[in-house]
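Quick note: the coordinates plus some simple rules give every number you see, no bench work behind them. These figures come from a predicted structure and were not determined experimentally. Here the Cβ is made from the backbone with ideal geometry for all residues, glycine too, and neighbour counts use every protein chain on show.
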Amino acid sequence: MDELYVACTMKDEYVVSEISLDDAIPIIQNNNDKEDIYGRDYPWGGLDGLIHKCYGLYYVGNISLIVSELVGAVQFVAYQKGRMQKAFHDEHFGCYTDTCEGFYELARLAVEPTDEHNITSWFVSRAIKALNPKVIVTVAEEHKEGTIYKATNFDYYGLHYERDYYEMDKPFHVYLKTYDKNIECKWRKDLTN
């Protein structure tokens, strides 16, 4: 019974809070196989640019200590496409609204290795709660399967092409989660994954 108690309270040693893109960069570059920074090294944002929202996972250890260490980062981006806003979101997210506010792509995620069980899914869930989105889309490379997105209850929409600016012919597993019940995705869920 003591082991179960310890496992349940370990997450108390972590805190999630909003951070700058500059603070997220070192964690992403050191712990993600895609070292480029979405929106900086990657021009996919196009037309009017990107809005970045980044969250950090801090290990605080004993709460009585003031010291904390950034051990994870997640980068969400919202696209600003001007007059192309609805058409872009319909294609990229499989849905849209009049303003497309609250639509984000989970662009980069990285967590330093730790013994903490399920820390990445715990972190992503709390970051999403802080973000308060209407829709989030994300992808996993064909060979990776997207385990973390399954663990955080994203819906799977199969393999899609034209998701990477530099490799338009490369397939990616696409995951989407809708938080606004008034928004319906036009894509069909793939129940095979």
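Before moving on, here are some points about what is shown:
- Of the trypsin sites (Lys or Arg not before Pro) found in region 127-190, the ones in coil according to DSSP and having at most 15 other Cβ atoms within 10 Å of their Cβ are Lys144, Lys181, Lys186, Arg188, Lys189.
- Most simply put, region 52-185 has about 90% antiparallel DSSP beta bridges, counting only bridges with both residues inside it.
- Where labels lie 7 Å past Cα in the beta-carbon direction, separation of Glu167 and Lys186 in nm: 2.7 nm
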